[in-house]
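Here is the structure we will look at.
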Amino acid sequence: MAKGMVAMNEWIEKSKTYLWLPFTQMKDYEQHPLVIESGEGIFLTDVNGKTYYDGYSSLWLNVHGHRKKEIDDAIRTQLERIAHSTLLGAANVPAIALAEKLIEWTPNHLTRVFYSDSGAEAVEIALKIAFQYWRNIGKDKKQKFVTLTNGYHGDTVGAISVGAIDIFHTVYEPLMFTSYKAPFPLVYRHPSNDPNIVRDEALEALQKIFAEHHEEIAAMIVEGMIQGAGGMHVMPTGYLKGVEQLCRKYNILLIVDEVATGFGRTGKRFAIEHEDVKPDIMTVAKGITGGYLPIAATLTTETIYEAFYGDYTEFKTFFHGHSYTGNQLGCAAALANIEIFERERLIEQVEKKAAFVAEQLASFTELEHVGDVRQLGLMCGIELVRDRQTHEPYPWAERMGYKTTLTMREKGMLTRPLGDVIVFMPPLASTFEQLEVMITIMRDAIIETTEKRG
Ligand SMILES: Cc1ncc(COP(=O)(O)O)c(C=O)c1O
C-alpha cells in the first residue's frame, strides 16, 4: 500500500514537472492532476487505482472500448511484419487495404484517400487540395473559404483560419488567413426557437455571401450535421442539404469535416448519410482506428484527383505529406476496427442506444440549471445556464461546466466540458446498463454542482 502510494505520487509529481498538456491551463492541472495507467472496456484506471467511465471516449475517439482483443491482435500481427515505412512515393499493404475499405464505406463518388495523422491535418489537406484544385484547372481567383460561426476544425494555423471559436482562436488572429463566416443555424439562442425559421435564415445569409463572392470562393467547410466543439449544436433538418445545393449552384467545393461525426458516432456510418449529402472532399479521423492510433484521412472525388494528375513538370503535384503518413500499425488497427463494426452490426446498435440515451436524458430539462439537451446519435451536449427561462448563461469565469465535470470525476466518470456544455460521448460499445449508470452520474453531478455547491 505505502509503496503503491509513493509510486502514484511520483507519477503525479513528474507529470506536473515535465508535461505541458494540450488545451490545458497547467495551473488547473496542478490542482486536479490525473494520470491514467490503464484501460479496459469503457473504463480507465488512474495510477491511484481509481476507475472511471470513459464518458468522452478519450476525446471522442474510442469505439469498441479499450484493449479490444481484435485490434490489439491486429497491431501485434502487423508488428511481426513492419511498424512503419514511408508513404512518400511508396505504398504499403495496410494503407492500400484500408483505402479500399474506406472507399467502400463512404458514398460512391468519393474515390481517393489521402492519409494523415490527425483531424486538423486532414483539414489542412482538404483546404490545400481545394485551393490547389482551382489553380490546377486555371481558376486562380478562387482562393477563399467559407466557414460557419462557432465552427471547429482543429488547432493548426490553416484549421483555425476556418474555425470560429473566439476563446480558442482570437489570440492567433494575426497569424490566420481570413475566411467568410456564415451564421450557424443555432436554434437554442434564436428568438423564434423554430428550427425551420433558423435554417432558412442561415441559408439565406449563406446565399448572400456566395452570390457576392463566389468567384473568389474555393470551398465551404462544414461539420457533419452537428457542431461538436462549438457546443454540440445539431443542424436543423435540411440545412446541410441546403448548403450542398448552394455549393453546387455557385460552383463552390463542399468540404464536410467528419472528424468527430464519422464512424457511427451519429447513428450512421457518416453524418452526411442523414441527408444524402455528397461532399467533394471529406475528412475523417478520431474513430477511424477505434481510438487506438493517430490515423486520419482526406477523401476526394475522382474529378479533384484528376486535376492533380499529369507530368511532373506541369506542377500539379500535391505537395503535402508527413513522416508518419499512412503508418502501417495505424492502418492495421483501423482495418480491424472497421471489421468489428461490420461483424457486430454496430451502427444499428448505435441507433438503439441513442434512442435509449434520449429517453434517459429527457428528464434533464427539468433540472433547474439545464437550459438545453442536444443529441445526435451518441454525441450529446447538456448546456448549463444560470436561468433556464431566459437562457442566461453563467458568467464565463464561474466555470460551471468545468466544476461539474470535476464532480463527475469524483463520482467515477470522465469527460471534458465545452464551456458550460457537458459533453456525453460514450464509446459506441457501451452497454445499456453502462449508459444508464453514466447518465445517473452526470445527473447527480449536475444537481450537486449547480444546485448545491453552485
Ligand atoms: C470537427 C472536427 N474537426 C477537426 C478536429 C481536429 O481533430 P484532431 O484533434 O485529431 O486534430 C476536431 C477535433 O475535435 C473536430 O471535432
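Which one of Y56, Y133 is in contact with a Ser or Thr (Cβ under 8 Å, 6 or more places away or on another chain) and not hydrophobic (A, V, I, L, M, F, W, C)?
Within the list Y56, Y133, the selection yields Y56.
Yes/no matrix, rows are residues, columns are (1) within 30 Å of P22 (Cα to Cα); (2) surrounded by 14 or more Cβ atoms within 10 Å (Cβ to Cβ); (3) more than 16 Å from the ligand (Cβ to nearest atom); (4) assigned by TED's automatic domain parsing to the domain that holds H153:
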residue: L79; (1), (2), (3), (4): yes, no, yes, yes
residue: I96; (1), (2), (3), (4): no, no, yes, yes
residue: T111; (1), (2), (3), (4): no, yes, yes, yes
residue: S118; (1), (2), (3), (4): yes, yes, no, yes
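In this structure, does P191 turn out to be surrounded by fewer than 20 Cβ atoms within 10 Å (Cβ to Cβ) and modelled with pLDDT under 95?
Yes: the conditions hold for P191.
Wholly within segment 362-454, which strands (runs of 3 or more DSSP E) include no fewer than the required count, namely at least 3 residues that are of a type in the set (F, W, Y) and out of contact with any Pro (no Cβ under 6 Å at 6 or more places or on another chain)?
Those strands (runs of 3 or more DSSP E) do not exist here; none qualify.
Would you say Q349 is more than 16 Å from the ligand (Cβ to nearest atom) and not in a helix (DSSP H, G or I)?
Answer is no for this residue.
Does T390 fit the bill of being surrounded by fewer than 19 Cβ atoms within 10 Å (Cβ to Cβ) and more than 17 Å from M232 (Cα to Cα)?
Against the criterion (surrounded by fewer than 19 Cβ atoms within 10 Å (Cβ to Cβ) and more than 17 Å from M232 (Cα to Cα)), T390 qualifies.
Name the single residue that is surrounded by the most Cβ atoms within 10 Å (Cβ to Cβ) among those in segment 248-265 being away from the ligand (no atom under 12 Å from the Cβ) and touching a residue at least 12 places away in the same chain (Cβ under 8 Å).
Filtering segment 248-265 for residues that are away from the ligand (no atom under 12 Å from the Cβ) and touching a residue at least 12 places away in the same chain (Cβ under 8 Å), the one surrounded by the most Cβ atoms within 10 Å (Cβ to Cβ) comes out as F263.
Identify the single condition in (1) under 16 Å from M235 (Cα atoms); (2) in contact (Cβ under 8 Å) with a residue 60 or more places away in the chain that F184 does not satisfy, given that it satisfies every other one.
(2)
Matching residues to (1) in a loop (DSSP other than H, G, I, E, B); (2) farther than 30 Å from H320 by Cα; (3) more than 25 Å from the chain's Cα centre (by Cα):
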site	(1), (2), (3)
V146	no, no, no
N150	yes, no, no
F168	no, no, no
S192	yes, yes, yes
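Would you check if G287 is more than 29 Å from K139 (Cα to Cα), of a type outside the set (K, R) and away from the ligand (no atom under 16 Å from the Cβ)?
In short, no.
Test each condition in (1) small (G, A, S); (2) surrounded by fewer than 17 Cβ atoms within 10 Å (Cβ to Cβ); (3) within 17 Å of G55 (Cβ to Cβ) for G321 and report the one that comes out false.
Checking G321 against (1) small (G, A, S); (2) surrounded by fewer than 17 Cβ atoms within 10 Å (Cβ to Cβ); (3) within 17 Å of G55 (Cβ to Cβ), the one that fails is (3).
In segment 206-246, which residue that is among the hydrophobic types (A, V, I, L, M, F, W, C) and either without any contact (Cβ under 8 Å) to a residue 40 or more places away in the chain or in a helix (DSSP H, G or I) (or both) is farthest from G138 (Cα to Cα)?
The extreme case among them is L240.
Just wondering, is there one or more residues in segment 16-33 that are in contact with a Gly (Cβ under 7 Å, 6 or more places away or on another chain) and either farther than 30 Å from V423 by Cβ or modelled with pLDDT of 95 or more (or both)?
No, because not a single residue in segment 16-33 is in contact with a Gly (Cβ under 7 Å, 6 or more places away or on another chain) and either farther than 30 Å from V423 by Cβ or modelled with pLDDT of 95 or more (or both).
Could you check, for segment 414-422, whether at least one of its residues is basic (K, R) and within 16 Å of Y56 (Cβ to Cβ)?
yes
The values are calculated or read from the model by the stated rules, or taken from the named source; none is laboratory data. Note that the coordinates shown come from a computational prediction; the quantities given were computed from them, not determined experimentally. As a convention, Cβ positions derive from the backbone with ideal geometry for all residues, glycine included, and neighbour counts pool all protein chains shown.
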